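Have a look at the structure below, then the notes.
The values are calculated or read from the model by the stated rules, or taken from the named source; none is laboratory data. Quick caveat, the model's predicted, so the values are computed rather than measured. Here the Cβ positions follow ideal geometry from the backbone for every residue, glycine too, while neighbour counts run over all protein chains shown.
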Ligand code: ES4
Ligand code: ZN
């Protein structure tokens, strides 16, 4: 029987997902999954697969690696110069400064106050300049342009349409304007995308947002999220919205475990049916770290590991909101090494002064990652995307795997030439 290559390797990839859960395996020597991949897909891979950490970021252009972004807020990623230009166009007088450098600093300083509510204050200004079809379309187009420059091949971007009706647009018009910009960006740059509609935890209109997401699904909306200040606003209060999404066979991700503990994560999964989790940083509270260096997972952590629940982790944003006090105590490395399905994300590129290249470089250097592990992170994200299965497979086999294979070939070539 002839097997279509994508399906064949897709199957192998699932095996790899099981046989490659632990970076202890990586550290111990040649991991079984890599051997599989090396033999079949990358015959040139030898000692280059042992490059890791700072040595890897020195030898490889992290920006050029095919990356996948699942968690970014449209209103958190504007370019400072665009904010200023749009404010002038709309006659918005509320900006603290009209110098792009100073404005960038103002956003970064504001975001680093160590708590989520204050972190979210900067959004008042970005939202204020995203209130017409033209401004929304431009921000969406520039988002795709930025993704292209950042080496991102597929991106999901989210926002709350309810915040963009101050100058008379309907929420449908808001969505349509954003989608126009995303489509134009895709046509120009070839970056594929999905749009996620956010409901806000402190508002009562989440069912309305869920219905809007469902109505817009054939235009490019791929899922539904619950965002905003976490403490005091448990996700289960929005259960009717999530049930509407589930009844429509649609997709759910929920911000949980960023500013509140495992209870928020548990509710997101078991009351609200989340298919992915935004952050889940505080899942570390459900893991006991034993003196012998092993860990004992609580029931929730074990469930998340077993069910392969994707965790959309955001390193710098977590430092800025106080979800983690420093990178040393960030659980990303622990989760990855224990086999959780984690991926790297930016959250809010403007507020957190970040990019996918920066997050990936930071993770590589801080958690001593190898090229195989970076590929694993891109694959984890792409497998977890809300795009349809066929699109996910196509991007994996047409873009991610060839992109990493080309880097391995180049490294091997360099090595041969000494
Ligand atoms: C968020 Cl509404 C919103 N925007 C950006 N980042 C967030 N984190 C949690 N809610
Ligand atoms: Zn977020």
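With respect to the conditions (1) over 28 Å from residue 367 (Cβ atoms); (2) crowded, with 16+ Cβ neighbours inside 10 Å; (3) within 15 Å of ligand 1 (Cβ to nearest atom); (4) not assigned by TED's automatic domain parsing to the domain that holds residue 254, residue 108 falls short on a single one, namely (1).
Any residue at all in the stretch 328-340 that's touching a strand residue (DSSP E or B) at 6+ places or on another chain (Cβ under 9 Å), in contact (Cβ under 8 Å) with a residue 60 or more places away in the chain and surrounded by 20 or more Cβ atoms within 10 Å (Cβ to Cβ)? Yes, that holds for at least one residue.
Quickly run through the stretch 292-315 and pick out the residues that are modelled with pLDDT of 95 or more and out of contact with any strand residue (DSSP E or B) (no Cβ under 8 Å at 6 or more places or on another chain). Once the filter is applied, which keeps residues that are modelled with pLDDT of 95 or more and out of contact with any strand residue (DSSP E or B) (no Cβ under 8 Å at 6 or more places or on another chain), the stretch 292-315 yields 299, 300, 302, 303, 306, 307, 308.
Contact map, the stretch 174-199: first residue over 26 Å from residue 400 (Cβ atoms), second residue assigned to a loop (DSSP other than H, G, I, E, B), Cβ cut-off under 6 Å, separation 6 or more or different chains; pairs are 175/216; 198/160. Can you confirm whether the stretch 280-302 contains a residue that is surrounded by fewer than 24 Cβ atoms within 10 Å (Cβ to Cβ) and either closer than 27 Å to residue 83 by Cα or within 16 Å of ligand 1 (Cβ to nearest atom) (or both)? The answer is yes; a qualifying residue exists. Answer yes or no: is there a residue in the stretch 238-252 that is within 16 Å of ligand 1 (Cβ to nearest atom) and under 23 Å from residue 324 (Cα atoms). For the stretch 238-252, residues within 16 Å of ligand 1 (Cβ to nearest atom) and under 23 Å from residue 324 (Cα atoms): absent.
What is the residue count in the stretch 198-222 for residues that are in a strand (DSSP E or B) and under 18 Å from residue 236 (Cα atoms)? Before the answer, list the steps.
If we filter the stretch 198-222 for residues that are in a strand (DSSP E or B), which is where we start, we get 198-200, 221-222.
Applying the additional criterion that residues be under 18 Å from residue 236 (Cα atoms) yields 198-200.
The number of residues fulfilling the criteria is 3.
Got at least one residue in the stretch 122-139 being assigned to a loop (DSSP other than H, G, I, E, B) and away from ligand 1 (no atom under 16 Å from the Cβ)? For the stretch 122-139, residues assigned to a loop (DSSP other than H, G, I, E, B) and away from ligand 1 (no atom under 16 Å from the Cβ): present. Among the residues of the stretch 317-356 satisfying the criterion of being within 17 Å of residue 78 (Cα to Cα) and part of a helix (DSSP H, G or I), which is nearest to ligand 2 (Cβ to nearest atom)? Among those residues, the one meeting the criterion is 317. Does residue 264 count as over 16 Å from the mean Cα position of the chain (by Cα), within 11 Å of residue 201 (Cβ to Cβ) and either in contact (Cβ under 8 Å) with a residue 60 or more places away in the chain or crowded, with 19+ Cβ neighbours inside 10 Å (or both)? Yes.
Residues of the stretch 230-283 that are in contact with a strand residue (DSSP E or B) (Cβ under 9 Å, 6 or more places away or on another chain), more than 15 Å from ligand 2 (Cβ to nearest atom) and part of a loop (DSSP other than H, G, I, E, B): 250, 251, 272, 273, 275.
So is residue 102 within 16 Å of ligand 1 (Cβ to nearest atom), assigned to a helix (DSSP H, G or I) and modelled with pLDDT of 95 or more or not? Walk me through it before giving the result.
Details: within 16 Å of ligand 1 (Cβ to nearest atom): no; assigned to a helix (DSSP H, G or I): yes; modelled with pLDDT of 95 or more: yes.
No.
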